[in-house]
Every structure is written in structure tokens, then in C-alpha cells.
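Below is one structure, written out as C-alpha cells; the observations come after it.
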Amino acid sequence: MTGKLHVVGFGPGGKDDMTFRAARTIENADIVTGYTTYINLLKPIFPDKEYKATGMMKEVERCRMAIEDAMSGKDVAMVSSGDSGIYGMAGIIYQLADEMGADIEIDTVPGITAASSAASILGAPLMHDLVIVSLSDLMTPLDLIMKRVEMAAEGDFITCIYNPKSKTRTEYLEQARQILLKKRPATTPVGIVRNAGRVDQSSKVTTLGDLDPADVDMFCIVIVGNSQTYISNGRIITPRGYRIEE
């Protein structure tokens, strides 16, 4: 019997920001598999499900387990926060399924990614072309990451920074800030959102010149505006270019 494997992005973590499709997929699954922190977010919303969880750095093990359960005929939801296709589990699931010769049905269920969630809290910072860059160098060399930051600055892209800091990566955000300052004025608006869409959500609006890495941790998203971005009444706004007639 051929099972199904759904790679589900459930958004920031709360039910209010979860799509109907994601909620329905999780509710209908025989097994819900994911990173322990994400599973703990879902248990209060779906208390009667069967869950399988693994810790950090166990992504391959987790995905292999989900594929094997689907191969046994189960309907499996592999969950992750945000969007499953943006720094999520979709890519590794498809790669592993090919490697394992898994004869299963796989689909990707999108969700609200961290950039969208953070932007909605800050106002309207992502109204024009943007780049998302992760400062985590676990799987990408640091020099390549900073080259991408440099190219984002050169192209005047709004720059959304994921994984800006961790206990060991304490200097990367400052390094990225210095690169951006070579192409953008110190007055460029910057928004910091911590735990977007969750109960302990917080945010701060500052500038590229005043951005203090001490205000940022691993639970934050940092959004740096482009040359047209401005701050109004505590909100960050990037004009799309519409002509507003008076």
C-alpha cells in the first residue's frame, strides 16, 4: 500500500496564522513528524495526533523516518514553521525520497514564511524587490553568505535576514551591517521582530546606523530597507512606486 507524505509549513506557530490547507493536512495525517520545538507548538492545537519528533541537527534522520512511515502506507505530515519550501523540509524530503526509491505520493503545503510574518508587524517594508539571506554558516560558507549580502546591497534590494545570530555566531550580523553601510546611508530603516506570530512576540524599529546586534538573538528576523524605505508613525514603509494623486 502506497502512503502519502505532506511537507507542511504551518506558519509562525499559532493557529490564527495557519492556512486552512495546512490545518486540514495535519488533522488528517496518521503521523505528524517534526523538530521537537515545532511539535511542541502543534500539540496544544492538535492534541490527539500521533507525533514523532527529533532534535536539532537531526533533519536527515527525521526526514528518513517520515519517508519510511509513508512507505509503510501511512499518511504523514512532515511539519516545519514558516513555509516548507523556504529554508524548510521540502528540498531534503524530495532528495531523500529519490535516493531511497520511495514509491510514495509527496506534496508541499506552503505556509506564511518568517519574512511575511515579520513584515506585517513592522508595517509594509517588503513592497519592492527583496532578498532573503540566512546568516547561518552551518551549510553555507561564511564568505559566500557575505558575498550575497554585498550583492543585495549593490542591487538596492530590501534585505531580510534570517538566523542573524546564535550563541556561537555573535559577530555575523555586525559584519553584514558594515557591508550594507557601504551602499546605504546610516538612516536606512531597520526592523527587528522576535518570535513573530507567537505569544511573546516583540518588535523594534531602528536604523542601519543605530542597529545594535545586542538587541538581536536567534529568534529574530531583521529587515533592512532599500534606498526608498522610510519610517512613519513607527511603521516601516517601502514605496512600490504608485503615483498617489493629491
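Taking the chain as a Gaussian network, Cα atoms linked when under 10 Å apart, which of Asp98, Asp212, Asp30 shows the biggest mean-square fluctuation?
Asp98
How high is the FRET efficiency from Asp137 to Arg24, r the C-beta distance, R0 35 Å, rounded to 0.05? Don't jump to the answer; show the numbers that get you there.
Numbers: r = 37 Å, r/R0 = 1.06.
E between Asp137 and Arg24, to the nearest 0.05, is 0.40.
How far is helix 142-154 tilted, in degrees, relative to the longest principal axis of the Cα atoms in the chain, given as a value from 0 to 90 rounded to the nearest 10?
That works out to roughly 50 degrees.
Report the residue, chosen from Ala66, Ala102, Ala152, that carries the largest GNM mean-square fluctuation when the chain is represented by alpha-carbon nodes joined by springs under 10 Å.
Residue with maximal mean-square fluctuation among Ala66, Ala102, Ala152: Ala102.
Of all DSSP beta bridges located in the chain, what percent are antiparallel, nearest 5?
40 percent
In the chain, how does Rg compare with the Kirkwood Rh, expressed as the Rg/Rh ratio over alpha carbon atoms? Please report the intermediate quantities before stating the final value.
Numbers: Rg = 19.5 Å, Rh = 19.1 Å.
Result: Rg/Rh = 1.02.
Please report, as a whole percent, how much of the solvent-accessible surface of the chain comes from carbon and sulfur atoms (probe radius 1.4 Å). Don't jump to the answer; show the numbers that get you there.
Values: 6430 of 12720 Å².
Using a 1.4 Å probe with all protein chains present, the chain comes out at 51 percent carbon and sulfur.
With contacts defined as alpha carbon pairs under 8 Å and 6 or more residues apart, what's the relative contact order of the chain in percent?
Numbers: 513 pairs, mean separation 48.7, N = 246.
Reported relative contact order: 20 percent.
How much net charge surrounds Pro12 when only the other residues with a Cβ under 13 Å from the Cβ of Pro12 are counted, with Lys and Arg +1 and Asp and Glu -1?
Values: positive: Lys15, Arg194, Arg198; negative: Asp16, Asp17, Asp83, Asp200.
Result for the local shell: -1.
Suppose every Lys and Arg Cβ carries +1 and every Asp and Glu Cβ carries -1, with no other charges. What dipole size does the chain come out with about its Cα centre, to the nearest 20 debye?
Working: 26 positive and 32 negative charges, 110 e Å.
Using only the charged Cβ atoms, the result is roughly 520 debye.
Listed highest first by mean packing, meaning other Cβ atoms within 10 Å per residue, what order do 137-149, 180-192 come in?
On the way: 137-149: 13.5, 180-192: 17.6.
Peptide ranking by packing, descending: 180-192, 137-149.
Placing unit charges on C-beta atoms (Lys and Arg positive, Asp and Glu negative, everything else neutral), compute the dipole magnitude of segment 1-146 about its Cα centre in debye, rounded to 20. List each step's numbers first, then the result.
Details: 11 positive and 20 negative charges, 83 e Å.
For this selection, approximately 400 debye.
Positive end of the charge dipole of the chain (Lys, Arg +1 and Asp, Glu -1 on Cβ, about the Cα centre): tell me which of Gly234, Thr113, Gly88 has its Cα farthest that way.
Final value for the positive-end residue is Gly234.
Counting Lys and Arg as +1 and Asp and Glu as -1, what is the net charge of the other residues whose Cβ lies under 12 Å from the Cβ of Gln178?
Working: positive: Arg177, Lys182, Lys183, Arg184; negative: Glu150, Glu171, Glu174.
After counting each charged neighbour, the total is +1.
Taking Rh as the Kirkwood radius computed over C-alpha pairs, what is the Stokes-Einstein D of segment 183-233 at 37 °C in a medium of viscosity 0.692 mPa s, expressed in µm² per second? All intermediate terms of the calculation are to be shown ahead of the outcome.
Numbers: Rh = 11.5 Å.
For these conditions, the coefficient is 285 µm²/s.
If you stretched the chain out fully between Asp75 and Thr187, how much longer would it get, using 0.36 nm times the residue separation minus the C-alpha to C-alpha distance? Can you show the working numbers first?
Working: separation 112, 0.36 × 112 = 40.32 nm, distance 5.11 nm.
Taking Asp75 through Thr187 to full extension adds about 35.2 nm, to one decimal.
Reachable lysines from Lys4, Cα under 24 Å, same-chain residues fewer than 8 places away excluded?
Lys15, Lys43, Lys49, Lys52, Lys58, Lys74
With point charges of +1 on the Cβ of Lys and Arg and -1 on the Cβ of Asp and Glu, referenced to the Cα centre of the chain, which listed residue (Pro12, Thr159, Thr187) lies farthest in the positive direction of the dipole?
Thr187
Hey, can you rank 10-17, 52-59 by average C-beta count inside 10 Å, highest first? Don't skip to the answer; put the middle values down first.
Details: 10-17: 20.0, 52-59: 13.2.
Sorting 10-17, 52-59 by mean packing, highest first, produces 10-17, 52-59.
Extending each Cα 7 Å along its Cβ direction at Glu174 and Met218, get the distance between those two points in nm, one decimal.
2.0 nm
Residue by residue, what Karplus-based ³J(HN,Hα) values in Hz, rounded to whole numbers, does segment 30-42 have, using 6.51, -1.76 and 1.60 with θ = phi - 60° and x for Gly and Pro?
6, 9, 10, 10, x, 5, 3, 4, 5, 4, 5, 6, 8
Between the helical axis of 90-100 and the dominant principal axis of the chain, each derived from Cα atoms, what acute angle in degrees is found, rounded to the nearest 10?
Taking the Cα atoms of the chain, the angle to 90-100 is about 40 degrees.
How much net charge surrounds Met218 when only other residues with a Cβ under 12 Å from its Cβ are counted (Lys, Arg +1; Asp, Glu -1)?
Numbers: positive: Lys165, Lys167, Arg169, Arg194; negative: Asp217.
Once positives and negatives cancel, what remains is +3.
Provide the gained length on full extension for the span Ser232 to Lys52, in nm with one decimal, where the gain is 0.36 nm per separating residue minus the Cα-Cα distance. Could the numbers behind the result be given before it?
On the way: separation 180, 0.36 × 180 = 64.80 nm, distance 4.57 nm.
Full extension from Ser232 to Lys52 adds 60.2 nm.
The values are calculated or read from the model by the stated rules, or taken from the named source; none is laboratory data. None of these values were measured; they are calculated from a predicted model. With ideal geometry, Cβ positions are generated from the backbone for all residues, glycine too; neighbour counts draw on all protein chains shown. Protein only, heavy atoms only, side chains kept; ligands, DNA and RNA dropped before computing areas. Shrake-Rupley method; radii C 1.70, N 1.55, O 1.52, S 1.80 Å.
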